[in-house]
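**Student:** One structure, pasted below without further comment.
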Amino acid sequence: MEPSETVVTTVRIGQRGRLILPAQAQRATGIGQGTQVALRTGPNGSITIEPLWAVTNRLRAEYTELLDDQLPVGPALLFAGGRQVDPDDLTDLGPALHHLPDRDPGSGRRVYRDDRGPVLTSRAVLAWLTAEHGALIADALPYGLLPEAGVSDLVTHLARAGAHERADALLTDLGVLGLRMLGTAKNRATLAEDTAVALELIRTADTAGYLLTMPDALCAAAARRLEAGLVAADLLAPTAS
């Protein structure tokens, strides 16, 4: 929802830092009981409270046009066990890939058991920035994992758009929305294994006549290692003839 009016008021902080929003402020912002909000402190002692839906709207308004020539042309897709799957029909995937969504009967949204979501590629995050291409990723992002290769690739897209200075702010906002950033693999053996798997995926894609980027391949390798689904957009782009 969008704010209906501007409200300026004064409130007093209660015990243990408790803050009660006046009714008019709740109506104007759509913030009520159970609403998830982002709270930010400023260098001058200010505090900003922003509903998560407002964070989403702000990011889409800020980055969709900026990254227009780098956004995926198709929707985000879910992969499991190396093949594309229908997120609404996961009955034949077996017990190993257990980090996959169920459909919530109340809201109709896809939810992930134990808050363990899929691995995302950077282009899946870019697809999320466009509402028309982000239905699947909108449900996955609050539970998702973005490997280091995906983080680096996302920052590269920002740099190509001349907006590398916004990288920290974007990654912070994505973290506020629930996306977790995976750091470097815990040990060299795991990093070497992921790289070997990624190179094999690239060779397989090349044999099939497709181009698979190294960042996407590393994200796919991480998903395989974690026995998680992979949400990707334009994961395999046809090579030029």
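The values are calculated or read from the model by the stated rules, or taken from the named source; none is laboratory data. This one's a predicted model, so the numbers in the text were calculated from it and none came from an experiment. To get the accessible areas, we keep the full protein, side chains included, count just its heavy atoms, and leave off ligands, DNA and RNA. Shrake-Rupley method; radii C 1.70, N 1.55, O 1.52, S 1.80 Å.
**Student:** For segment 146-195, what class follows from the C-alpha gyration tensor (a ≥ b ≥ c being the square roots of its eigenvalues): rounded when a/c is under 1.5, otherwise prolate if a/b is larger than b/c, else oblate?
**Tutor:** It comes out oblate by the Cα gyration axes.
**Student:** Okay, moving on. If amide hydrogens are placed 1.01 Å from N in the peptide plane, which non-local residues have theirs closer than 5 Å to the one on MET181?
**Tutor:** Amide H neighbours of MET181: LEU146.
**Student:** To continue, here is another question. Quote to one decimal, in nm, the extra length available between THR10 and THR207 on full extension: 0.36 nm per residue of separation minus the C-alpha distance between them.
**Tutor:** Between THR10 and THR207, full extension yields 64.4 nm more.
**Student:** Would you mind telling me the share, in percent, of accessible area of segment 7-73 contributed by carbon and sulfur at probe 1.4 angstrom?
**Tutor:** 50 percent
**Student:** Note the full-extension length gain between LEU191 and THR172 as 0.36 nm times their separation in residues minus their Cα-Cα distance, in nm to one decimal.
**Tutor:** Between LEU191 and THR172, full extension yields 4.3 nm more.
**Student:** What is the distance in Å between the Cα centroid of segment 41-68 and that of segment 144-182?
**Tutor:** If we compute the Cα centre of each part, the gap is 14 Å.
**Student:** Accessible surface of SER46 in the full protein assembly, 1.4 angstrom probe, to the nearest 10 Å²?
**Tutor:** So the heavy atoms of SER46 present about 50 Å² to solvent.
**Student:** For segment 1-77, what does the accessible surface come to per residue with a 1.4 Å probe? Please give it in Å².
**Tutor:** Accessible surface, normalised per residue, equals 73 Å².
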